[in-house]
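Following: one structure in structure tokens, then a few remarks.
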């Protein structure tokens, strides 16, 4: 710097020099920023891209629509289980500024306690509180209209039941996790549920997928099959009413009834009491009511078993329908006495028809003895043959495979293992010391009556998949020649004889219009005491019968647990129920009378 | 021949410049930045609305109103004579002080956690922006006076008031309003004015020392600033906690890559990156437009700053010159603090990206300041001038603009070759 520059206005250039220094510094900072940007966006791009995807990319399952359940009606096919969208109302407390005011508005729109909502919305350290569940579309709309910040709704599919609690236990329900539980819903869960789709999507911070993203992958869900049941809605309704009235009359708190088509194995109606409302399954306190007892609750069936014993003995040719024999009215087997607890004919000459009509335990035992050709002993041959009939002909002690959750197999004692086998087997000939479900008994009796074909009992008539293809399920034959067709006709006659006999005894409700074939058998089953032996004063009333013309068209099984009315449980409690059902079938469900009548 | 004559003329009329065409390129660059801001805010509006559950049009409407107000502010400032600002420098300072008082008695709440905003109806007003404008004008007026008196090197009459001003900003803006970012911008404005006005370097070092002490005190006295500093020094250590915004900003910028995800494809704006339309908008631009986009933005800012520099070089008087110096300091510092924070080069500060960020007060005051520059750009000379133009000359210039009879000559520093002698 020369001395001149200090005096002259050379500060001009000095000041601009400072401006340039500053400007240069800014350019330098700009360069650093650009280098940094290049480092972050180009060199480190993959790292940050991955870090972004870790936050943003989420995988969701897209629920498939569950198949509906339908059934037959006089008018055709009607729905009995449908889907319905209901809404869950939730709040994000971090976005709700005026919790009290919001709570009051929510309560005004959908009901409930304003204070409770407000307290939920004041929850700290969460972004999700459920305010209300199962709101209807109308309620959802009224809350949406308010446009409350931090409050939203979420749609969810629920089952809805146009027929209310009809056939509740047979249907089952869909639990909160979307899983079918009990009944058809459980057994056919995977078929009804379909297969969920998948969405892999970039989402916002709250997890809502962004439509615009190019990284999204979507696999569409496949809807579940729609199922049509063999059930007849009209028949089911009447059966439920009759069961309720019958149990009331018999002063019983629980029982079951079912109607099966013996020529296909199709279940036409089936119910148990007590029952529940499947749309409010979550309000049930006693889980037992979910059970379809007719399928999942085996019992010692009692004297109804004598029909199957008789059919087995007839089929083996060891007795004929008119055979007479001497009945001692008690047998001493393995140190214990087999006696008669029902209508005792006393010692004397008896025949096969009376064994059923008078329900003679010692008579059933005598038929069993004939299977081993040794009166007075239930020998190994008798046990083997009877066991073969029970398990292999009548399919007892095995699951039938009906489309129901929690089916039970029941119990048939082995013929060759254990103590007191003679006594045990004698007991099985009249339905004690073994267990079976009402459904198993219905299927076995159907086979014994229809000419000898055991059809698998079933509830599903047909199903339609998501592409619209309908598959009609054909009846499944499990076994031919359960008994010969001749024996079937003989058994039909024997059971008609029982109904006629009881009518004569004064059970006037057993009078049916001429031309119809109605047969049956009562059972008064002793109940095993868990501590050993049987209760002295507790019985289950059972009844097995049929309605038809030339051939049986409906098989009916009734079970009344521990009736409070006096007399034999089978005759006093179960038989009237059977009669009501038989009258209903004849009156309303096209039973074809005998030809020529 | 013509050009030569003009050049000669210009050379002889230094100090008696006449009104000519303003710097339209500056206006174009500013409009470009505003437009980019509008487009980006519009494109992320659905995301912002979704994460906050408000109307989709909420943010873009607010930003449009801000731009319209800004245009009005710009228009008003661009026709007011520069002399108006000198005469009203004190009034503006008084207004800023009143603002500081009002903001302290405005209650704070969850959305407005510091004494930074005056709220009236649905609008909120950030006082720091008013202070910046007042500081800009007052500083220019004060230093011009000192220059005229020849007391620029005098400690007591020049430096001491500046130091008090620094201290006042430290107490009022950094401490009371908890706005260290804005305080930083103001400090740079003071330092830049002092520096370019020719205060001896030793004094500048003294100012720098005072600033350093103030910044240290500010950080040490505030828990959240210490945390932000720690997060800045160790960016990955606290991504889920208080370092969340810094981490998400880096993820946004880095995930953009070379070409970006595209205008409509920002994901980070959907609730991941806080203040996406506002303080963090640069990171969103990085995500949408990639390195190419951010590079172009920086080039635009570079051109903008260069333009301001060229006007400073050619201003006809000290007051105007200092006003533009202040504006350049204001814009450049704010841009560096904002971008630096998004790139992890500086700790996070709640400060807007000039002319792009959504944020009404900042936008209106910045466009108003640009209006002043626009007016000044009508009176630049062909020749690069210095800071020592006398105030007499300056007043003559302003009188010129008052009588409206000034010869309008097509002049724009960018259109003529820089005369070098």
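By count of other Cβ within 10 Å, fewest leading, how are B:366, A:198 ordered?
Numbers: B:366 28, A:198 15.
The fewest-first ordering by Cβ neighbours comes to A:198, B:366.
With N set to the residue count of the protein assembly as shown, report its C-alpha Rg divided by 2.2 N^0.38 Å to two decimal places. The partial results should precede the final answer.
Numbers: Rg = 48.3 Å, N = 1018, 2.2 N^0.38 = 30.6 Å.
Here the answer is 1.58, to two decimals.
Of B:242, B:381, B:266, the residue with the greatest mean-square motion in the GNM of chain B, using alpha carbon springs below 10 Å, is B:242.
Computed from the Cα positions only, the extents of segment A:345-428 along the three principal axes stand at 48, 29, 19 Å, in decreasing order. Model label sites at residue B:57 and residue B:87, defined 7 Å from Cα along the beta-carbon direction, differ in position by 4.3 nm. Using only alpha-carbon positions, what ratio does the radius of gyration of segment A:194-330 give when scaled by 2.2 N^0.38 Å? Normalised by 2.2 N^0.38 Å, the Cα Rg of segment A:194-330 equals 1.87.
For chain A, the longest principal axis of the Cα atoms and the long axis of helix A:305-316 meet at an angle of about 70 degrees.
Could you give the length gained by full extension between residue B:151 and residue B:105, i.e. 0.36 nm per residue of separation minus their alpha carbon distance, to one decimal place? Could you put the intermediate results ahead of the total?
Values: separation 46, 0.36 × 46 = 16.56 nm, distance 3.88 nm.
Value of the extension gain: 12.7 nm.
Considering only B:201, B:92, B:147, the mean-square fluctuation computed in a Gaussian network model of chain B, springs between alpha carbons under 10 angstrom, is largest for B:201. Distance between the modelled labels on residue A:138 and residue A:529, one decimal in nanometres: 5.8 nm (7 Å Cα→Cβ projection).
Here residue B:205 and residue B:176 are evaluated by their C-beta separation; at R0 = 41 Å the FRET efficiency comes out at 0.90.
Using a Gaussian network for chain B with springs between C-alpha atoms less than 10 Å apart, which of these wobbles most: B:332, B:318, B:222? For chain B, modelled as a Gaussian network with Cα springs under 10 Å, the answer is B:222. Centroid-to-centroid, using Cα positions, segment A:130-160 and segment B:171-242 are 50 Å apart. For the pair segment A:166-194 and segment B:61-110, the centres of their Cα atoms are 69 angstrom apart.
Take the Cα radius of gyration of segment A:279-344 and divide it by 2.2 N^0.38 Å, with N its residue count; two decimals is plenty. Please report the intermediate quantities before stating the final value.
Numbers: Rg = 20.2 Å, N = 66, 2.2 N^0.38 = 10.8 Å.
Here the Cα radius of gyration is 1.87 times the empirical estimate.
Please compute the length gained on full extension between residue A:42 and residue A:282, using 0.36 nm multiplied by the number of residues separating them and subtracting their Cα-Cα distance.
Working: separation 240, 0.36 × 240 = 86.40 nm, distance 5.68 nm.
Gain in length upon complete extension: 80.7 nm.
Assuming R0 = 41 Å, what is the FRET efficiency of residue B:238 and residue A:464, from their Cβ-Cβ distance, to the nearest 0.05?
Numbers: r = 57 Å, r/R0 = 1.39.
Efficiency at R0 = 41 Å is approximately 0.10.
Is the shape of segment A:232-588 best called rounded, prolate or oblate, per the rule: a/c under 1.5 gives rounded, else a/b larger than b/c gives prolate, else oblate, with a ≥ b ≥ c the square roots of the Cα gyration tensor eigenvalues? Rounded, because the longest to shortest axis ratio a/c is under 1.5. Calculated FRET efficiency, residue A:146 to residue A:49, Cβ-Cβ distance, R0 = 56 Å: about 0.85 to the nearest 0.05. Debye calculation, C-alpha points only, no solvent: report log10 I(q)/I(0) for chain A at q = 0.07 Å⁻¹, in the same order as the q values. For chain A at q = 0.07 Å⁻¹, log10 I(q)/I(0) is -0.57. From a point 7 Å beyond the Cα of residue A:100 in the direction of its Cβ, which residues of segment B:96-124 have a backbone N at a distance under 18 Å? Only B:110 pass the distance filter.
Classified by the C-alpha gyration tensor, segment B:57-100 has an oblate form. Its axis ratio a/c, with a ≥ b ≥ c, is 1.5 or above, and a/b does not exceed b/c.
Do me a favour and compute the ellipsoid semi-axes for segment A:450-495 from its Cα gyration tensor, root of five times each eigenvalue, largest one first, whole Å.
On the way: eigenvalues 225, 20, 9 Å².
Each semi-axis is the square root of five times an eigenvalue, giving 34, 10, 7 Å.
Distances between every pair of Cα atoms in segment B:252-307, grouped in 5 Å steps from 0 to the bin holding the largest one, split as 5, 23, 28, 21, 14, 7, 2, 0 percent.
Computed from Cα positions, the angle between helix B:89-105 and the longest principal axis of chain B comes to roughly 20 degrees. For chain B, the longest principal axis of the alpha carbon atoms and the long axis of helix B:160-169 meet at an angle near 30°. If you wrap the tightest convex hull around every Cα atom of segment B:18-403 and split its volume per residue, you get 137 Å³. Inter-label distance, residue B:124 to residue A:537: 8.1 nm, where each label sits 7 Å from its Cα along the C-beta direction. Rounded if a/c is under 1.5, else prolate if a/b is larger than b/c, else oblate: which is segment A:84-158, with a ≥ b ≥ c the root eigenvalues of its Cα gyration tensor? In terms of gyration-tensor shape, prolate. Helix-only arithmetic for the protein assembly as shown: the sum of -39500 (n - 2.57) across DSSP H runs with n ≥ 4, divided by the residue total, places the mean residue ellipticity at 222 nm at -15000 deg cm²/dmol. At full extension, residue A:200 and residue A:34 could sit 56.3 nm farther apart than now, given 0.36 nm per residue minus the alpha carbon distance.
FYI, it's all coordinate maths here, none of it is from the lab. Because the structure is a prediction, the values reported are computed rather than measured. Don't worry about glycine lacking a Cβ; one is built from the backbone with ideal geometry, like all the others, and counts go over all protein chains shown.
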